[in-house]
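The structure appears right after this line, and notes come after that.
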Amino acid sequence: MSLSVTPWLVLACPLAGMLTIALLGKKLSPRAAGTIGTLAIALAFVFAVLTLIKLQALPHDARVETTALWDLVNVDGVKIQLGLYVDPLSTFMILVVTGVSTLIHLYSAGYMQTDEGYVRYFSYLNFFVFSMLLLVLAGNLVLLIIGWAFVGAASYMLVSYWYRRDTATAAGIKAFVINVVGDIGLVLGTLFLFKTMGVLDYGQLFSGAHTAFEKDAPELVIAMLLILVGAFAKSAQIPFQTWLPDAMEGPTPVSSLIHAATMVTAGVYLIGRLHVLFEWAPTAAAVGAIVGALTLLIAGSIGLVMTDLKRVIAYSTMSQIGYMIMGVSAAAYVGGFFHMMTHAFFKALLFMAAGSIISAMGGNQSLNNMSGFRKALPFTFGCFVAGGLALSAFPLFSGFFSKDTLLFEVGARGGWYLALYVAGYIGAAFTVFYTWRMIYRAFWGAPCKEAQVVIDTGHAYHPAEHTNPHTGDEDDPSTQEVEDSEVGFPGTEHNYAETTWQMRYAMIPLAILAVVAGVIQLPFGVTNVLSSFLEPTFADTIVAYEPDNPGLETFGLILSSVIAIVSLACAYWIWVRKPGTSAAIQARLPWLHKLFINKWYFDDFYSIFVVRPVVWVGQWAQASFERVVINGALIGGTSGLVKAGSAAVRAIQTGLIRTYAALVIGGLSIVLLYFLVRGL
């Protein structure tokens with residue numbers, strides 16, 4: 001099987017799985033749908049591994065394979081193919097996407113097994129993975145835009161999966177609208193490039209950029225800034241980040257998929273894929289690096305005060321993606337994609353562990369109601385700690401090596417990049433605090449009533465045991481909406497890892513990888529597996545900086561270790577030894593807490609200056625223009641004319657021959673009179 005075939009099979013597997021599940025629909029049992037969906041992605045991972053093997057067999061400096069099925073457009077010298085671009089970067093991406101997605105599918109099979117929409121769910125999930133794979137394997141910007149749009153559509157369907165819940169549908173619409181704004185930027189940026197270069201294939205774009213544009217030419221900078229808008233929107237960077245926390249309304253495995261292996265990493269991939277163009281437009285690249293740094297700090301600060309467990313992890317994702325965007329925009333390609341890989345492992349694990357806790361809580365996601373789950377959920381606790389240590393960049397865990405590599409490569413550029421370097425370490429302290437705040441509040445202390453139910457009975461707490469005293473309805477504690485078992489929350493049962501083998505077997509490999517995955521790229525060149533693998537993709541970089549700086553690397557390792565250890569100890573003091581400390585800090589700095597808890601007022605700003613004006617214009621147009629002009633003049637006026645004409649014709653149809661004769665004679669007289677007057 002050749003390298004021109006295996007990438008197509010990587011795409012074909014999730015597409016076939018999606019179509020099979022969707023077309024068979026209710027004829028499939030839930031178990032069959034889960035099996036088909038999971039096996040489809042697992043088989044895609046197998047073909048991704050085969051693609052890796054075939055690619056590695058090529059000479060080191062020739063590891064690029066372009067393959068096409070047919071021409072999409074071939075008019076007047078413009079040729080756009082249905083083709084794929086296979087190189088180390090795209091191969092790296094498909095390995096991460098299919099590998100992590102397989103485990104998320106397996107986890108979903110246990111977590112969602114009693115949901116009434118189980119079959120529909122797996123069809124959506126396969127479509128999501130197919131869309132992301134199309135995006136990363138695309139051989140030109142047109143195909144990338146198609147995959148980009150598919151990812152947005154799939155995210156809408158999954159975030160709004162429980163479509164009878166108002167909060168879920170609102171979150172899905174918000175995610176879709178913001179991503180469409182990014183899509184517009186991506187399309188416009190592509191058109192700017194096409195206008196000057198006349199090509200859209202990657203190979204021709206990369207080889208012709210330096211001759212088509214002067215370095216930092218205004219038209220190139222504009223094009224790359226527009227493309228950055230697409231990257232920022234998809235990857236939830238400032239100022240397009242507001243959709244991501246609300247996307248937590250989707251099922252927890254969806255959150256894991258969006259945050260770990262798909263969607264939010266698309267912006268990182270896009271910048272890395274177009275690195276030749278971004279390096280030739282350093283102004284645009286600098287904007288990307290600065291926005292990434294701002295995002296990692298702002299999102300980290302919000303994570304310090306959020307009390308919804310999934311939203312804390314969501315802001316963590318936003319912050320970590322900020323690191324990656326900063327890294328790849330600053331030409332720290334190995335560090336950026338290394339951190340993307342380790343982040344996929346520990347962030348998927350954290351969401352899975354969070355889903356286990358939330359299920360044991362009967363759907364309640366508030367940290368204010370959680371405590372004492374160490375004894376109730378020992379397996380979940382171990383996985384959460386493993387993921388938390390990796391996220392905190394604790395020494396010797398995977399996140400420690402990947403974050404250090406990224407920050408070292410950024411700092412090695414010197415100059416103003418040192419400000420980004422410092423921002424990265426400030427963000428690292430934030431990361432430790434919000435991570436261990438989650439862990440200490442959820443797992444330490446006396447068991448809450450839900451944890452005690454698990455300890456006493458071995459079964460999850462269920463909201464049916466505690467009905468609303470006013471209505472008698474069973475409430476979803478996370479939204480205060482009436483729970484509707486027909487669309488699930490997440491079904492009639494709440495499954496957690498200690499009782500569901502699919503969830504455990506999905507979490508174990510991720511926990512191991514969260515601990516050991518850093519060994520592929522150890523400091524001081526001890527191992528350089530990833531940098532050697534990605535070297536052919538980034539061999540054409542024109543960014544000059546000194547990567548061999550043992551003093552800076554040693555300093556970074558020591559500083560990162562001190563930040564992780566000291567911050568963890570401080571977090572233990574605040575939330576375990578002196579549990580009233582955080583409340584005291586909040587009382588002393590109420591303005592700062594208010595800023596963070598209101599998410600830096602981004603939502604309020606958009607509500608006042610975007611949403612309300614648009615709604616007001618729409619209401620005014622509906623009440624005035626649409627009602628008077630459209631309904632009255634166009635629709636009402638036209639229908640009125642038709643009705644009047646019909647009434648006149650009906651009145652003429654009397655059935656009397658003399659009436660018809662008079663009409664004919666009258667008509668002829670008018671015609672003769674017209675010609676007589678015209679002749680004069």
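The values are calculated or read from the model by the stated rules, or taken from the named source; none is laboratory data. Everything numeric here is computed off the predicted structure, so don't read it as measured data. Note: ideal-geometry Cβ built from the backbone for every residue, glycine included; neighbour counts use all protein chains shown.
The set of residues in segment 203-220 being among the charged types (D, E, K, R) and either touching a residue at least 40 places away in the same chain (Cβ under 8 Å) or part of a helix (DSSP H, G or I) (or both) consists of LYS215, ASP216, GLU219. Taking segment 263-319 as the region of interest, the helices (runs of 4 or more DSSP H) fully inside it that hold 3 or more residues being within 15 Å of the chain's Cα centre (by Cα) are 266-273. Does ASP548 satisfy the criteria of being within 29 Å of GLY99 (Cβ to Cβ), out of contact with any strand residue (DSSP E or B) (no Cβ under 9 Å at 6 or more places or on another chain) and acidic (Asp, Glu)? Answer is no for this residue.
For segment 74-117, enumerate the residues that are among the hydroxyl-bearing types (Ser, Thr, Tyr), surrounded by 23 or more Cβ atoms within 10 Å (Cβ to Cβ) and either in contact with a Cys (Cβ under 6 Å, 6 or more places away or on another chain) or under 30 Å from LEU28 (Cβ atoms) (or both). Correct list: THR98, SER101, THR102, TYR107, SER108, TYR111.
The criterion of being among the β-branched types (Val, Ile, Thr), in a helix (DSSP H, G or I) and in the same structural domain as TRP436 (by TED's automatic domain parsing) holds for ILE563. Selection of segment 156-187 for residues being assigned to a helix (DSSP H, G or I), among the hydroxyl-bearing types (Ser, Thr, Tyr) and touching a residue at least 40 places away in the same chain (Cβ under 8 Å) yields only THR167. Residues that are assigned to a loop (DSSP other than H, G, I, E, B), surrounded by 10 or more Cβ atoms within 10 Å (Cβ to Cβ) and at pLDDT 85 or above occur in segment 592-610; there is at least one. All of MET324, MET352, MET361 fail the test of being under 23 Å from THR527 (Cβ atoms) and not aromatic (Phe, Trp, Tyr), apart from MET324. Taken over segment 404-422, the criterion of being under 25 Å from the mean Cα position of the chain (by Cα) and either surrounded by fewer than 22 Cβ atoms within 10 Å (Cβ to Cβ) or over 18 Å from SER301 (Cβ atoms) (or both) is satisfied by ASP404, THR405, LEU406, LEU407, VAL410. Looking across VAL100, VAL119, one residue alone is modelled with pLDDT of 95 or more, assigned to a helix (DSSP H, G or I) and not acidic (Asp, Glu). It is VAL100.
Residues in segment 66-77: is at least one among the aromatic types (Phe, Trp, Tyr) and in contact with a strand residue (DSSP E or B) (Cβ under 7 Å, 6 or more places away or on another chain)? Scanning segment 66-77 turns up at least one residue that is among the aromatic types (Phe, Trp, Tyr) and in contact with a strand residue (DSSP E or B) (Cβ under 7 Å, 6 or more places away or on another chain). Being touching a Pro at 6+ places or on another chain (Cβ under 9 Å) and buried (at least 24 other Cβ atoms within 10 Å of the Cβ): is that true of SER131 here? Yes; evaluated as a whole, the condition is true for this residue.
Suppose the filter is out of contact with any strand residue (DSSP E or B) (no Cβ under 6 Å at 6 or more places or on another chain) and either outside the structural domain of GLN204 (by TED's automatic domain parsing) or without any contact (Cβ under 8 Å) to a residue 40 or more places away in the chain (or both); does ALA299 pass it? Spelling it out, ALA299 is indeed out of contact with any strand residue (DSSP E or B) (no Cβ under 6 Å at 6 or more places or on another chain) and either outside the structural domain of GLN204 (by TED's automatic domain parsing) or without any contact (Cβ under 8 Å) to a residue 40 or more places away in the chain (or both). Just one residue in the set TRP616, TRP575, TRP620 is among the aromatic types (Phe, Trp, Tyr) and modelled with pLDDT of 90 or more; that residue is TRP575. When the test is whether a residue is at pLDDT below 90, in a helix (DSSP H, G or I) and of a type outside the set (A, V, I, L, M, F, W, C), THR190 does not pass it.
THR541 satisfies every condition listed in (1) assigned to a helix (DSSP H, G or I); (2) in contact with a His (Cβ under 9 Å, 6 or more places away or on another chain); (3) not acidic (Asp, Glu) except (1).
Of THR405, THR435, all but one fail to be touching a helix residue (DSSP H, G or I) at 6+ places or on another chain (Cβ under 6 Å) and farther than 15 Å from SER560 by Cα; the exception is THR435.
When VAL254 is tested against the conditions (1) within 22 Å of ILE325 (Cα to Cα); (2) crowded, with 24+ Cβ neighbours inside 10 Å; (3) at pLDDT 90 or above, the lone failure is (1). Being closer than 15 Å to LEU244 by Cα, surrounded by 20 or more Cβ atoms within 10 Å (Cβ to Cβ) and either in contact with an Asp or Glu (Cβ under 9 Å, 6 or more places away or on another chain) or of a type in the set (Ser, Thr, Tyr) (or both) is not true of SER123.
Regarding segment 27-37, can at least one residue be identified that is in contact (Cβ under 8 Å) with a residue 60 or more places away in the chain and touching a Pro at 6+ places or on another chain (Cβ under 9 Å)? Within segment 27-37, one or more residues are in contact (Cβ under 8 Å) with a residue 60 or more places away in the chain and touching a Pro at 6+ places or on another chain (Cβ under 9 Å).
Residue by residue, here is whether (1) closer than 18 Å to PRO447 by Cα; (2) assigned by TED's automatic domain parsing to the domain that holds PRO447; (3) modelled with pLDDT under 95 holds:
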residue: PHE338; (1), (2), (3): no, no, no
residue: SER359; (1), (2), (3): yes, yes, yes
residue: GLY363; (1), (2), (3): yes, yes, yes
residue: ARG374; (1), (2), (3): yes, yes, yes
residue: GLY382; (1), (2), (3): yes, yes, no
residue: SER392; (1), (2), (3): no, yes, no
residue: TYR417; (1), (2), (3): no, yes, yes
residue: ALA428; (1), (2), (3): no, yes, no
residue: THR431; (1), (2), (3): no, yes, no
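Listed by first and then second residue, the pairs linking a residue in segment 57-71 that is assigned to a strand (DSSP E or B) to a residue that is basic (Lys, Arg) and modelled with pLDDT of 85 or more, with Cβ atoms under 9 Å apart and 6 or more places separating them unless they lie on different chains, are GLU65/LYS54. Looking at segment 248-260, can you tell me whether even one residue there is under 18 Å from ILE542 (Cα atoms) and in the same structural domain as GLY147 (by TED's automatic domain parsing)? No, every residue in segment 248-260 fails to be under 18 Å from ILE542 (Cα atoms) and in the same structural domain as GLY147 (by TED's automatic domain parsing).
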